[in-house]
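Structure first, then comments.
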Amino acid sequence: MDFELMINSFPKLLNAAVITLKLLTVSLVVGLFVGLLFAILRLNKNIFINKFAYGYSYVFRGTPLLVQIFIIYFGLGQIEYLRTTFLWVILKEPYWCAIIAFALNTGAYTSEILRSAFQTIKPGVIEAGQSLGISNKIIFYKIQIPIAIRQSLPAYGNEIILMMKGTSLASTVTLMDLTGVAKYIISTTFKPIEVFIVAGGIYLFMTFIIHNVIKFLEKKYSFN
Amino acid sequence: MELLAFGDTGWGDELFYATLMTIAVSITAMIIGFSFAAIFTPLKLSKNKFLNLLANSYTTLIRGVPELLVIYLFFFGGTGAVMYVASIFGYNEYIEINAFVTGAFAIGIISGAYSTEVFRGAVQSIDKGQFEAANVLGLSKFGKFIKIILPQTLRLAIPNLSNVWQITLKDTSLISVTGLVEIMRQSYVAAGSTRDPLFFYSFAAVLYLLLTFFSMKLINRLEIRYSRGY
């Protein structure tokens with residue numbers, strides 16, 4: 001055991017963890033909107049819109065995240081036309097490519113979570129709103145969405161932790177996140193176990209925090 | 001389309017073998033995972049606090065740390081660990097572990113943590129009366145497990161195990177960082193040499209989709225078979 005290496009690499013890994021957290025937060029926020037959008041599309045009665053939303057979530061849940069990042073980072077740059085548009089400003093940056101991939105990926109899972117939450121809302125709740133004379137739009141925003149969010153909290157908590165682990169793939173497109181830095185230190189010092197303990201410890205700590213925050217929110221927003 | 005031709009002119013045969021490799025790694029990893037689950041599920045269910053802690057640390061650690069980090073640990077640390085163990089037995093030559101073994105083991109340990117949770121949940125949701133009835137019938141501990149508990153556990157576990165299988169299948173793409181030639185690695189090589197990453201990575205995505213689609217069909221049939229009588 002090389003304790004000196006562990007102590008020396010700790011600040012470097014902690015700095016890298018900030019990048020991991022940044023990637024995670026931005027992709028979760030974007031992914032939540034993507035997920036909500038596709039969950040609503042899934043509940044649409046129009047079969048084409050419905051099937052389109054289903055296809056999106058099927059493709060993104062059925063393929064590895066690594067493939068998705070590579071298609072966006074290496075693949076899209078190949079299209080000549082894209083290079084001339086303003087999109088290229090975003091797509092040439094590995095940081096944004098990673099975020100787009102993460103957001104689309106977590107969006108697919110989130111849409112499934114939210115869809116099932118919407119479907120478990122009892123019709124009586126909506127009927128109660130209607131008989132009070134509340135418009136359908138207000139019922140959706142003020143009644144259905146809050147209930148759905150409460151219902152989906154446990155599953156969404158799992159998704160946040162899965163996504164946090166997913167951000168480690170950013171290191172494959174040259175981003176120096178926690179895993180990227182850990183790999184760099186391992187490959188220069190050849191002390192995998194020490195670095196794994198420190199980096200894994202930081203990851204576990206983040207998992208622990210997320211887990212407890214979700215638990216707290218679940219309690220706070222529980223029905224009784 | 002000529003990019004996918006079989007033989008020396010295209011990447012068809014290479015990608016085909018790479019797909020077989022992905023399937024082989026996934027199945028091996030799944031089996032290794034089951035062996036881990038077979039050890040850790042009883043520990044999780046045991047009344048001994050220490051054994052409980054042991055099993056819980058395994059599942060918590062693996063489920064809280066990114067797969068890629070675990071793979072790096074095995075990739076960089078696997079050779080050293082094996083050589084250390086060998087040196088205890090007096091063997092001091094260099095030992096090279098091949099990428100398949102490292103990869104399957106790393107993914108297997110990850111998959112094992114998920115399988116453990118699934119089996120624990122399944123055993124716990126079996127009706128208590130079943131255990132009592134088995135006791136009343138005077139079945140031995142082994143007989144009780146084989147004839148009563150295991151078949152019911154399997155039935156309850158299959159839907160969740162199919163999720164574990166999907167996760168495992170997708171995780172094998174990460175082994176490409178160690179150089180094992182599976183779908184992802186082969187697409188990377190092909191994309192590099194043809195300068196057509198969009199096509200090859202999209203094709204890789206299609207291959208993964210086909211794998212998940214057909215394995216789901218198969219698992220559904222298994223599920224129906226195990227639910228006979230319900």
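Each value in this text was obtained by applying a stated rule to the coordinates, not by laboratory testing. Just so we're clear, the structure is a prediction, and the values are computed from it rather than from any experiment. Neighbour counts are summed over all protein chains in view; Cβ atoms, including those assigned to glycine, are modelled from backbone coordinates with ideal geometry.
Numerical summary
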read-out	value
Residue in segment A:27-44 that is farther than 24 Å from A:Ile197 by Cα and not in a helix (DSSP H, G or I) present	yes
Residue satisfying condition, being buried (at least 20 other Cβ atoms within 10 Å of the Cβ) and either away from every other protein chain (no Cβ under 12 Å) or touching a Lys or Arg at 6+ places or on another chain (Cβ under 9 Å) (or both), within set B:Ile183, B:Ile175	B:Ile175
Selected residue (only one of A:Ser152, A:Ser222 is assigned to a helix (DSSP H, G or I), of a type in the set (Gly, Ala, Ser) and more than 10 Å from chain B (Cβ to nearest Cβ))	A:Ser152
Out of B:Gly138, B:Gly143, B:Gly129, sole residue that is farther than 28 Å from B:Val65 by Cα, free of Cβ contacts under 8 Å to residues at least 40 places away in the same chain and not in a helix (DSSP H, G or I)	B:Gly138
Residue match in segment A:160-168 (condition: part of a helix (DSSP H, G or I), crowded, with 23+ Cβ neighbours inside 10 Å, in contact (Cβ under 8 Å) with a residue 60 or more places away in the chain and among the polar types (S, T, N, Q))	yes
Matching option when the condition is in a helix (DSSP H, G or I), facing chain A (nearest Cβ under 8 Å) and over 18 Å from B:Leu3 (Cβ atoms), among B:Leu209, B:Leu218, B:Leu222	B:Leu209
Filter result for the condition that a residue is farther than 24 Å from B:Glu117 by Cα, within 21 Å of the chain's Cα centre (by Cα) and surrounded by fewer than 16 Cβ atoms within 10 Å (Cβ to Cβ), over A:Pro123, A:Pro146, A:Pro154	A:Pro146
Single unsatisfied condition, A:Glu159 versus (1) touching a Phe, Trp or Tyr at 6+ places or on another chain (Cβ under 7 Å); (2) of a type in the set (Asp, Glu); (3) within 11 Å of chain B (Cβ to nearest Cβ)	(3)
Which listed residue is under 28 Å from A:Phe205 (Cβ atoms), out of contact with any strand residue (DSSP E or B) (no Cβ under 7 Å at 6 or more places or on another chain) and surrounded by fewer than 19 Cβ atoms within 10 Å (Cβ to Cβ), from A:Leu82, A:Leu14	A:Leu14
